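Q: Below is a structure I'd like to ask you about.
We did not get these values from a lab; they are worked out from the coordinates using the rules stated. Bear in mind that the values here come from a model prediction, so they are computed numbers and not experimental data. Cβ atoms come from the backbone with ideal geometry, glycine included; neighbour counts cover every protein chain shown.
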Amino acid sequence: MEPNSIIRSALLLLLSTCTASAAEQPPNVVLIFADDLGYGDVGCYGATKVQTPNIDSLAAEGRRFTDAHSASAVCTPSRYALLTGQYPVRGNQGRGVWGPAPITSPLLVDTEQTTIADVFKTSGYDTAVVGKWHLGFGKGPNKWQEPLRPGPQDLGFDYYFGMPVVNSAPPYIFVENDRIVGSDPDDPLVLLGRNAKGITPITPIPPEAAQRTANQFGGAKEAHKQFNDYQVGTTLAKKSVEWITQRKDKPFFLYLATTNIHHPFTPAKRFQGTSQCGLYGDFIHELDWIVGEVLACLEENGLSDNTLVIFTSDNGGMFNRGGQAAFKDGHRQNGDLLGFKFGVWEGGHRVPLIVRWPGMVKAGTTSNQLIGNVDMLATFAALTGQKLDKAQPIDSVNALPAFIDEPEKPIRDHLLLAPHKGTHLSIRRGKWMYIPARGSGGFGGKKPGDHTFAGPVAATYVGSINSDIEDGQIKKDAPPAQLYDLESDVNQTHNVHNEYPEVVQQLKSLLADYKPKSNSAERAPSNQSEKKTPRSQGKPAKKKEVTPNDRSTSFDFESGKLEPWKVVEGNFGHIIGSRSEFFRNNREYNKQGTYYLTTLESTPEADRGMDLQTGVIVSPLFIPEAGPMTFRVGGGRGNSTYATLCTVDGKEVQSARGINDQVMQEVTWDLSPYPGQRMFIKIVDHSTNGWGHITVDDFQFDAKLLTEYAESLEQD
């Protein structure tokens, strides 16, 4: 037997008996978690339009996995799974973590949960997270007031430096531990909301760098100045190298979560123009350089031989504008796999996974073991000789045998895989992949150039073949669900749902054990203290185009902007919506014209509503004439979501609500008691429960419109 094989066998025995204390020098661990890096985005996985020598050398010196997956095809829930060892469906008190955490999100991980950092901390390691966090801060809505706690340091990390949300969403600052880098008590960071006055300028970027949400914060000018989109990658590499160098004589765990290659694509100047597929490829080149810097640091400090390096991605590649431009240049971000980020087809969650541990992981090898990023918790517990608390639900499986040995049997029986939509929560078992609905359950962009271009139409666009799809559409006679034999058809060209009914039934039953209760994948449950009442019928408004009318005042939001209304409390991600179809049921939006005001949407490309947004929006003052005011309202019927007519002192004199339905209802208010008085309209959303949102549109009435607001609304 070779010496290395003897060592591997001995370590496996050591791990099985949980006596890691016998090891004289515990191995360091560096986990590099790339952002949106697809299965085909690096050379060792088939890319030809980019060059990734450092990542490729990692594979040449270690083991490359071909059947590794993120537990979710979405950034935040994928990170939740990585840190906690739990499927994201278990998060949020059983309602699941499904979409990207909004900028006001509280910490989404319970501080009582065991995390991968806790595992190392318990074993005497120094621990750090450098890079993208995107799991929220604090308890309740995050108001971005220092200290930002609870946060990473309450989940087992000694040190944190990085991007608090994501490089495409504000605030565009760095956070170190629980403080904003460059913060000034005389110039605090203030969340103002979309299109507000006093927003602090940020780094200008060109349109070809892809979408970036406008800043919504004022103040903190120095903190904003210290953040430059084109220096994020190099800054994170520098911080990682510094932290490792300072701890070369003590075991450490570094979780490096890069912002590469998430949009916007802003590589440092030295990388621009170096690939053969535009800024998308250039950003991959910067990622490869970051990996190289970390590997060089390990080598220079004599740490390479005793450091387990793991490289993977949070989900598959996104076919946004940068991805589309790269495709035109011949790059296939997810290889030949079907689908993209956010969706449950393989391209959304099958990701690169490379491990290197000289002397322990056999160099230049490949494994087809089924592995999920949710498995890191159990793997690190085994590495450090610990037993996990059985009181905490754990979905993690020890993957260390697949890292350092070559098991003949699968280490996993099955793997739960989550897209953005809970309707498509899916299960993988052996060679079978079962999806309980049609389509991918991901983004819904319909045409090239859309930031969220995805689904059947995008699959057709890139040349993917699937038996359910014809001319970019799901066939009318396609099966109601999907079953794929990935052993013979990894690119999911043929849905065999109707050919193996017994397999479908087995996997359907297995999946049922994981699905959230009470349809909580779609919405949070109503407050249990509220009395349940039957849904009222209301009077649905008819969809109509913008037409001239004889009323003197109109609030129809057809400018596409909130003005002259304003947010006086809270924050909303995307207050003026323009969807053509409702969430979930895809029925036609019964709006007037194109735009409407809503507290439900978090981003323009959101595929799911977000009831966690709360606040108050008001109109400017007006002096009404006697007569009716007509408008339409949709959303929740609870006491915490409503539209109200107010006198100038804030007294609410008339109100209207939805009927727990997205369909907007016709409403008429009688203004005859109020001629000559100064009035305003207020939209209130103080609910985060199911149907905790409101949508309004097309206010028409006769009045003199003023340019001022009620003094009673002025905030401190």
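Q: Near Thr630, within a Cβ-to-Cβ distance under 15 Å, what is the net charge of the other residues, with Lys and Arg +1 and Asp and Glu -1? Intermediate results must be reported in sequence, preceding the final value.
A: On the way: positive: Lys539, Lys542, Lys544, Arg551, Lys591, Arg632; negative: Asp550, Asp556, Glu625, Glu666, Asp670, Asp697, Asp698, Asp702.
Every neighbour counted, the sum reads -2.
Q: Apply the Karplus curve 6.51 cos²θ - 1.76 cosθ + 1.60, θ = phi - 60°, to the phi angles in segment 208-218 and return the couplings in whole Hz, x for Gly and Pro.
A: Values, residue by residue: 5, 6, 5, 6, 9, 5, 4, 4, 10, 10, x Hz.
Q: Give the angle, between 0 and 90 degrees and rounded to the nearest 10, that separates the Cα long axis of helix 232-245 from the longest principal axis of the Cα atoms of the chain.
A: 40 degrees
Q: Where nothing but the Cβ of Lys and Arg (+1) and of Asp and Glu (-1) is charged, how large is the charge dipole of segment 553-713 around its Cα centre, in debye to the nearest 20?
A: Roughly 200 debye for segment 553-713.
Q: Kirkwood hydrodynamic radius, segment 433-519, all distinct C-alpha pairs: what's the number in Å? Could the numbers behind the result be given before it?
A: Numbers: mean 1/r = 0.0709 Å⁻¹.
Radius from the Kirkwood sum: 14.1 Å.
Q: Taking the dipole about the Cα centre of the chain, with the C-beta of Lys and Arg at +1 and of Asp and Glu at -1, give me whichever of Pro540, Asn167, Val130 is farthest to the positive side.
A: The listed residue farthest towards the positive side: Pro540.
Q: Any idea which of Ile354, Pro401, Thr594 is furthest toward the positive side of the dipole for the chain, if Lys and Arg beta-carbons carry +1 and Asp and Glu beta-carbons -1?
A: Result: Thr594.
Q: Still on this structure, I have one more. Would you mind checking which residues have amide H under 5 Å from Asp661's amide H? H placed 1.01 Å from N; only 5 or more apart, or other chain.
A: For Asp661, whose amide H was placed from the backbone, the distant partners under 5 Å are Gly635.
Q: Can I ask one more? Need the C-alpha centroid separation for segment 337-381 versus segment 117-150, integer Å.
A: The two parts, judged by their Cα centres, are 25 Å apart.
Q: Please state, as a whole number in µm²/s, the translational diffusion coefficient that the Stokes-Einstein equation yields for the chain at 37 °C and 0.692 mPa s, with Rh defined as the Kirkwood radius across alpha carbon pairs.
A: Answer from the Stokes-Einstein relation: 123 µm²/s.
Q: What net charge do the residues around Trp289 carry, taking every other residue with its C-beta under 14 Å from that of Trp289, with Lys and Arg at +1 and Asp and Glu at -1?
A: After counting each charged neighbour, the total is -2.
Q: Ok, one more. Per residue of segment 407-419, what does 6.51 cos²θ - 1.76 cosθ + 1.60 with θ = phi - 60° give for ³J(HN,Hα)? Whole Hz please, x for Gly and Pro, Karplus curve as stated.
A: Each residue of segment 407-419 in turn: x, 6, 9, x, 7, 10, 7, 7, 9, 7, 10, 10, x Hz.
Q: Regarding segment 553-713, what whole-number volume in Å³ per residue does the convex hull of its Cα atoms give?
A: Cα-based convex hull of segment 553-713, divided per residue, equals 97 Å³.
Q: Related question: Kindly give the semi-axes, whole Å and largest first, of the ellipsoid equivalent to segment 621-716, taking each as the square root of 5 times a Cα gyration tensor eigenvalue. Let's see the in-between values first.
A: Details: eigenvalues 110, 56, 19 Å².
Gyration-tensor ellipsoid for segment 621-716: 23, 17, 10 Å.
Q: Per residue of segment 619-626, what does 6.51 cos²θ - 1.76 cosθ + 1.60 with θ = phi - 60° give for ³J(HN,Hα)? Whole Hz please, x for Gly and Pro, Karplus curve as stated.
A: 8, x, 5, 8, 10, x, 9, 5
Q: Once amide H atoms are placed 1.01 Å from N in the peptide plane, what residues at a sequence separation of 5 or more from Gln482, or on another chain, have their amide H within under 5 Å of its amide H?
A: Excluding prolines and chain starts, which carry no amide H, the hits are Ile435, Ala437.
Q: Tell me what the chain gives for mean residue ellipticity at 222 nm when only DSSP H runs of n ≥ 4 count, each as -39,500 (n - 2.57), the sum divided by the residue total, rounded to 500 deg cm²/dmol.
A: -5000 deg cm²/dmol
Q: With everything on Cα atoms, drop me the angle between helix 278-300 and the longest principal axis of the chain, reported from 0 to 90° to the nearest 10.
A: On a 0 to 90 degree scale, this one is about 40.
Q: Does anyone have the angle between helix 75-84 and the longest principal axis of the chain? Alpha-carbon axes, 0 to 90°, nearest 10?
A: Result, in degrees: 50.
Q: Let me ask you something else. Which value results when the Cα radius of gyration for segment 192-327 is divided by 2.2 N^0.38 Å?
A: Compactness ratio reported: 1.22.
Q: Can I ask one more? Quick check on segment 316-462: what does the Kirkwood estimate of hydrodynamic radius come out to from the alpha carbon pairs, in Å? Please report the intermediate quantities before stating the final value.
A: Values: mean 1/r = 0.0582 Å⁻¹.
Mean inverse Cα-Cα distance, inverted, gives 17.2 Å.
Q: Next question, about the same structure. With labels modelled as points extended 7 Å from the Cα through the Cβ direction, what inter-label distance (nm, one decimal) is found for Asn306 paired with Ser559?
A: 6.5 nm
Q: Also, I was wondering about something else. Rounded to the nearest Å, what's the spacing between the alpha carbon centres of segment 187-208 and segment 625-656? Just the number, please.
A: Here the answer is 32 Å between Cα centres.
Q: In debye, nearest 20: dipole of segment 109-208 around its Cα centre with unit charges on the Cβ of K, R (+) and D, E (-)?
A: 380 debye
Q: Let me spell out the model: positive unit charges on the Cβ of Lys and Arg, negative unit charges on the Cβ of Asp and Glu, origin at the Cα centre of the chain. What dipole size does that give, in debye rounded to 20?
A: Around 1240 debye, computed over the chain.
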